[in-house]
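As structure tokens, the structure follows; a few thoughts come after it.
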Amino acid sequence: MTKAEKVQFVIDTLEETYPEIPIPLDHKDPYTLLIAVLLSAQSTDVKVNQITPLLFEKADNPYQMVKLSVEEIREIIKPVGLSPMKSKGIHGLSEILIDNYNGEVPADMEALESLPAVGHKTASVVMAQAFDVPSFPVDTHIHRLMYRWNLSNGKNVQQTEKDAKRLFPKELWNKLHLQIIWYGRQYSPARGWKLENDMITQTIGRKSVIKAYEDNFTKKQKRTRK
């Protein structure tokens, strides 16, 4: 396959597998999405979706959030991890949204990235999912799969994002990044990966990745025989 054919194979397979794709984090507007994505750093969507209802019951907009102390926010969000940094970020960005944006989340990448505790990936997710602006947020699943599929060199997430944006049509970015995440979770995880279940990697995967998998599988079989 040519690179273009591989890219089209990925697009077609993902569209067939996930014609409709849910957004992983529960939210009702750009602000609650921003907070949920911020909380998801170094955590899981499942855990975040368990915690955000408790937080949003007390404060689901910046005006209510600033009435809580940083410590009160931290106590609620402790289970998702990194609570000292995240609680300060949530309180701080809520103040900035009130002071500079009339309490609204700006639909602007640079403005989002300037907010406390909001990195490039968080800003990209908000732009894509809250404002439908073409973005390609790269999480660990996308970074891993782009390398496994030999579509990026795995050097860093910044390079992976550049490669994804170069290879995939812009009008597909917002749906495609979610499709890749779901595929990674279901068929191509970091742990417990079974190549026989992973149609895309089987078909276009990086040769060194497939060889390493097969070598490891052979070693496990030998150990079992012993």
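Out of the residues in the stretch 23-69 meeting the condition of being without any contact (Cβ under 8 Å) to a residue 24 or more places away in the chain and part of a helix (DSSP H, G or I), tell me which one is nearest to Lys121 (Cα to Cα).
Taking the candidates together, the pick is Ala36.
Does Ala123 qualify as being surrounded by fewer than 16 Cβ atoms within 10 Å (Cβ to Cβ) and among the small types (Gly, Ala, Ser)?
For Ala123, the condition - surrounded by fewer than 16 Cβ atoms within 10 Å (Cβ to Cβ) and among the small types (Gly, Ala, Ser) - is not met.
Quick check: is even one residue across the stretch 28-43 open to solvent by 60 Å² or more (accessible area, probe 1.4 Å), out of contact with any Asp or Glu (no Cβ under 9 Å at 6 or more places or on another chain) and at negative phi?
no
Select from the stretch 17-26 the residues that are modelled with pLDDT of 95 or more and open to solvent by less than 70 Å² (accessible area, probe 1.4 Å) and list them in ascending order.
Thr17, Tyr18, Pro19, Leu25 - these are the residues of the stretch 17-26 that are modelled with pLDDT of 95 or more and open to solvent by less than 70 Å² (accessible area, probe 1.4 Å).
Looking at the stretch 83-189, what helices (runs of 4 or more DSSP H) fall wholly within it and have at least 3 residues that are of a type outside the set (Lys, Arg) and more than 22 Å from Met199 (Cβ to Cβ)?
On the way: elements: 83-101, 109-113, 120-131, 140-148, 157-167, 173-186.
By residue number, 83-101, 109-113, 120-131, 157-167.
Going through the stretch 49-94 one residue at a time, which ones are of a type in the set (Ser, Thr, Tyr) and surrounded by 22 or more Cβ atoms within 10 Å (Cβ to Cβ)?
Result: Thr52, Ser87, Ser94.
Which condition does Tyr183 not pass, out of (1) open to solvent by 70 Å² or more (accessible area, probe 1.4 Å); (2) closer than 14 Å to Phe9 by Cβ, if it passes all the others?
(1)
Checking Thr140 against (1) open to solvent by less than 60 Å² (accessible area, probe 1.4 Å); (2) in contact (Cβ under 8 Å) with a residue 40 or more places away in the chain; (3) closer than 28 Å to Met85 by Cα, which single condition isn't satisfied?
(1)
Show the residue pairs that are 6+ apart or on different chains and have beta-carbon atoms under 7 Å apart, the first residue being within the stretch 166-187 and closer than 23 Å to Ala130 by Cα, the second being assigned to a loop (DSSP other than H, G, I, E, B) and of a type in the set (Gly, Ala, Ser).
Between residues of the stretch 166-187 that are closer than 23 Å to Ala130 by Cα and residues that are assigned to a loop (DSSP other than H, G, I, E, B) and of a type in the set (Gly, Ala, Ser), the close pairs are Trp173/Ser135; Asn174/Ser135.
Out of (1) of a type in the set (Ser, Thr, Tyr); (2) free of Cβ contacts under 8 Å to residues at least 60 places away in the same chain; (3) closer than 16 Å to His27 by Cβ, the odd one out for Tyr101 is which?
Status for Tyr101: all satisfied but (3).
The values are calculated or read from the model by the stated rules, or taken from the named source; none is laboratory data. None of the values given here were measured: they were computed from a predicted structure. Using ideal geometry, Cβ is built from the backbone for each residue, glycine included, and neighbour counts are taken over all protein chains shown. The accessibility values were calculated without ligands, DNA or RNA, using every heavy atom of the protein model including side chains. Shrake-Rupley method; radii C 1.70, N 1.55, O 1.52, S 1.80 Å.
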